[in-house]
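Novice: Pasting a structure below so you can have a look.
The values are calculated or read from the model by the stated rules, or taken from the named source; none is laboratory data. As the structure is a computational prediction, the values presented were derived from the model and not from experiment. Note that we place each Cβ from the backbone using ideal geometry, even for glycine, and neighbour counts take in every protein chain shown. These area figures cover heavy atoms from the full protein model, side chains too; ligands, DNA and RNA do not enter into them. Shrake-Rupley method; radii C 1.70, N 1.55, O 1.52, S 1.80 Å.
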Amino acid sequence: MENLNIIPVLIGADQNCYNVARAFHEEYGIVSHAMGRYAIGITQNTSIVEFHAVENINTDEVFMLAMDDFAKQHEGATLIALGCTDEYAAMLIRHRDELSDRYIIPYIDEPLMDKLVDKADFYGMCDKHGIKYPKTKVLSAPTAAEELTADKLGFDYPIILKPSSSIDYWHHPFDGMKKVYKVDTPEEAKRIAETIFASGYDDSLIIQDFIPGDDSRMYVLTAYCDQNAKVKMMCLGHVLLEEHTPKGIGNHVAILTEYREELMKTVKMFLESVGYTGFANFDIKFDVRDGKFKIFEINLRQGRSNF
């Protein structure tokens, strides 16, 4: 494998970037190149990643200049570009056509991304394909507490409140910001929604039935679809422990591989039906109330803890 002329080009610098680089290195003995806004210890202090700091790489113009420059410096190599965060995966998808003559970019196209990355639209697709998900209400603007009671929502408190578009949400930081909110009362739901909308976030919010149970009820399913939208690999993980920091809640710390044929076949059918290509990653929770697996969302990349 010493003469293998493949260069993984990883957009990002975090734990996920290191995990992808480690997988490439263990399989092929190669060093990955990573580009991010600033160096992070896990990718700066390792021999398997060559890191390039690119200020403002999260903007389209700088991103394209950086990708063009890297391709010119490595003509003749097979360049495989992977985004290690939601934002960077979305940038690769938006510019896939412009970059595909120089990079292998194993992602879906932008129209399909737009349908999947917004949770409200994703749940609509789940309805069409028989995918179970928690009872959900969509909130498009601040709402009076009287409209957020259990009777109006159709499910009891506590509830889950989260942004429909995670990418847009993180662009509008505010004090007390969390990845997901567990809410106990309609008044609290009203206050959190008002705070999020006031930050400048202008997409919708998702209000969901809270599925009872601790971290051990969580599952994560990762799949890879080839360029013909055929599922070539699937791996289901049973989560044993998650992070519990405000901005990291839901990130997996310990996972045990399991096999659940019915669930995996359902997801396989969904991915192939919508014409999916590349990695897909699903967050799932088992609901003991009805014995069903409920899908929360799809990530258009491998998960950060999926080494």
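Novice: Taking region 190-227 only, how many residues are in contact (Cβ under 8 Å) with a residue 40 or more places away in the chain and part of a loop (DSSP other than H, G, I, E, B)?
Specialist: Here the count works out to 8.
Novice: Please go through region 95-105 and give me each residue that is surrounded by 18 or more Cβ atoms within 10 Å (Cβ to Cβ) and assigned to a helix (DSSP H, G or I), ordered by number.
Specialist: If the condition is that a residue be surrounded by 18 or more Cβ atoms within 10 Å (Cβ to Cβ) and assigned to a helix (DSSP H, G or I), then Arg96, Leu99 are the ones that fit.
Condition check ((1) modelled with pLDDT under 95; (2) under 24 Å from Thr245 (Cα atoms); (3) among the acidic types (Asp, Glu)) across all residues:
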residue: Lys128; (1), (2), (3): yes, no, no
residue: Tyr133; (1), (2), (3): no, no, no
residue: Ala150; (1), (2), (3): no, no, no
residue: Ser165; (1), (2), (3): yes, yes, no
residue: Glu187; (1), (2), (3): no, yes, yes
residue: Arg191; (1), (2), (3): no, yes, no
residue: Thr195; (1), (2), (3): no, yes, no
residue: Tyr201; (1), (2), (3): no, yes, no
residue: Gln208; (1), (2), (3): no, yes, no
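Novice: Sort through Glu261, Glu243 and tell me the only one that's at pLDDT 95 or above and more than 25 Å from Leu112 (Cα to Cα). Don't jump to the end; show me each part of the working.
Specialist: Details: Glu243 fails: at pLDDT 95 or above.
Testing whether each residue is at pLDDT 95 or above and more than 25 Å from Leu112 (Cα to Cα) leaves just Glu261.
Novice: Another question, then. Does Ile108 satisfy being of a type in the set (A, V, I, L, M, F, W, C) and assigned to a loop (DSSP other than H, G, I, E, B)?
Specialist: yes
Novice: Moving to a separate point now. Picking from Glu187, Glu147, which residue would you name as being in contact with a helix residue (DSSP H, G or I) (Cβ under 6 Å, 6 or more places away or on another chain), acidic (Asp, Glu) and either open to solvent by 50 Å² or more (accessible area, probe 1.4 Å) or not in a loop (DSSP other than H, G, I, E, B) (or both)?
Specialist: The unique qualifying residue is Glu187.
Novice: Looking at Leu153 and the list (1) crowded, with 19+ Cβ neighbours inside 10 Å; (2) within 29 Å of Glu272 (Cβ to Cβ), which single condition is not satisfied?
Specialist: (2)
Novice: Let me ask something additional. Looking at (1) open to solvent by 60 Å² or more (accessible area, probe 1.4 Å); (2) within 21 Å of His95 (Cα to Cα); (3) touching a residue at least 60 places away in the same chain (Cβ under 8 Å); (4) not small (Gly, Ala, Ser), which one does Leu10 not meet, given that it meets all the others?
Specialist: (1)
Novice: Still on this structure: Give the number of residues within region 56-74 that are in contact (Cβ under 8 Å) with a residue 40 or more places away in the chain and either part of a loop (DSSP other than H, G, I, E, B) or on the phi > 0 side of the Ramachandran plot (or both).
Specialist: Total satisfying the criteria: 2.
Novice: Need the failing condition index for Ala144 against (1) in contact with a Cys (Cβ under 8 Å, 6 or more places away or on another chain); (2) over 24 Å from Gly237 (Cα atoms), just the number.
Specialist: (1)
Novice: So which of Ala77, Ala81, Ala141, Ala120 ends up being in contact (Cβ under 8 Å) with a residue 12 or more places away in the chain and surrounded by 19 or more Cβ atoms within 10 Å (Cβ to Cβ)?
Specialist: Within the list Ala77, Ala81, Ala141, Ala120, the selection yields Ala81.
Novice: Let me ask something else. Starting from residues that are among the aromatic types (Phe, Trp, Tyr) and open to solvent by 40 Å² or more (accessible area, probe 1.4 Å), keep the ones in region 156-173 and report whichever is farthest from Tyr133 (Cα to Cα).
Specialist: Per the stated criteria, the residue is Trp170.
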